[in-house]
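What follows is a single structure, written as structure tokens, with notes after it.
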Amino acid sequence: MMSALLQQPGYEEERLQTVSKKLPCREVQAGMLLSLMATPVRYPSIFIYGHQSSGKSHVLNVLLKELELPHATVSCVECVSVALLFEQVLLSFFGCDAASLLPRSPSLSDFVRIYRQQSSQSPAKQTRYIVEDNVTVILLSEIVWDRFRPNTGCFEPLLLHFPDYSKGELQHILAQDRNPSYSDEFYSAYINILLGVFYSVCRDLRELRHLAALNFSKFCEPLAEGKVKETDTHKLWRNIEPHLKKAMQTVYLREVSSLQWEQMQQMEEKENGAVRGLSAHTHVELPYYSKFLLIAAYLASFNPARTDKRFFVKHHGKIKKTNFLKKNEKTSNHLLGPKPFPLDRLLAIFYSVVDSRVAPTASIFSQISSLVTLQLLTQVSHGDQIDAPKYKCAVSMDFICAISRTVNFEMIKYLYDFLTYQA
């Protein structure tokens, strides 16, 4: 049944019914926009704001498309210049011929002049909406209007706030995506379990929808195997709980694709019955040179500096074994932990182990910063030591071996500890 908030005169009943079905839990905001669109007094601008995934773009697009209102949708991220913005608006309203009338570097007066010319030739029966005399500009933002208000003053837009979805609203929306092979009660119980785990850390509808689709097959496994019934909610919860808590460690990060995540689960269960989380470091995808930078950092952290000549210089001459393997070095460097190393040593090892000539460009240095941001490297020098920064490698032996296998690098051959044990 259609909400009374969406019953506005001037629109077809069937179209409003379609709008009502597509906009669950947003009847108040949609009704407000409909009433503004139906009023004879036009607002020059409407500012819609709210957090990410609160339904701003979805509500507006459904209203404009289902009610067939003339509109132009403009992305301020894509339109990097004023000329692109003007061209997009004219193209949406009047076609290619009108957009081609713009000069190379158009001003606002050029845009208004061409718009008025085209409007006189093809007048609109309804208000034209520019989403971003008979035009309403609708602005969508995650930031409040106070941050945009200029100091010189301006015409204040009409403000419309989209609040975050409540837990009950998310339950209602996500339950509509149910699998037709299962009952409404069964899928609603699954969504209730999902929100019980993720609602405290994630209110993003798109992310929750992704997680619901990703983990539903695991939730249904005991049912498909005939071990439980649909009503055995407690047993179903015990089966899915560890998987959901593992997935919660990387909400928003997308370290692996949905298909890779399912393959990882199946592989782990075949090997040892254990579940590995999405954040398992062995599955983090790094750029090609970042992998070699991390390998070089690990070698610099766990090899004594005096062994670099032995491992990385091709024509190092003869080095006596008795001098190279000191008798007092009985403790493994891996047991002592990673040692700090300077940037120049890291780069020297990197250029030795990488299998191609690499120029010391800004890209290489930016990848080192990215590894620090990802907490794979740790910067241990003070911030004021710009000329000689020092780092430590912060990954495990298993992790670096997995990374080295992806680039066909034999890690063990270059580690001092293993050479000592072999001797």
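The values are calculated or read from the model by the stated rules, or taken from the named source; none is laboratory data. Bear in mind that the values here come from a model prediction, so they are computed numbers and not experimental data. Every residue, glycine as well, gets a Cβ built from its backbone with ideal geometry; the counts of neighbours run over all protein chains shown. Note: areas computed on protein heavy atoms with side chains; ligands, DNA, RNA excluded. Shrake-Rupley method; radii C 1.70, N 1.55, O 1.52, S 1.80 Å.
Observations on the structure shown:
- Filter result for Phe86 (open to solvent by less than 40 Å² (accessible area, probe 1.4 Å) and in contact with a His (Cβ under 9 Å, 6 or more places away or on another chain)): no
- Looking only at region 331-354, residues that are under 13 Å from Leu294 (Cβ atoms) and surrounded by fewer than 17 Cβ atoms within 10 Å (Cβ to Cβ) come to 0 in all.
- Scanning region 153-167 for residues that are assigned to a loop (DSSP other than H, G, I, E, B) and surrounded by 12 or more Cβ atoms within 10 Å (Cβ to Cβ) gives Pro157, Phe162, Pro163, Asp164, Tyr165, Ser166.
- The condition of being more than 21 Å from Lys167 (Cα to Cα) and surrounded by fewer than 17 Cβ atoms within 10 Å (Cβ to Cβ) does not hold for Gly196.
- Residue tally, condition over 25 Å from the mean Cα position of the chain (by Cα), of a type in the set (Gly, Ala, Ser) and not in a loop (DSSP other than H, G, I, E, B), over region 169-202: 2
- Within region 212-263, considering residues that are among the polar types (S, T, N, Q) and surrounded by 14 or more Cβ atoms within 10 Å (Cβ to Cβ), the one modelled with the lowest pLDDT: Thr250
- Matching option when the condition is open to solvent by 50 Å² or more (accessible area, probe 1.4 Å) and either assigned to a loop (DSSP other than H, G, I, E, B) or among the basic types (Lys, Arg) (or both), among Ser92, Ser105, Ser120: Ser105
- Residue, most open to solvent (accessible area, probe 1.4 Å), within region 24-67, restricted to residues that are assigned to a loop (DSSP other than H, G, I, E, B) and β-branched (Val, Ile, Thr): Val41
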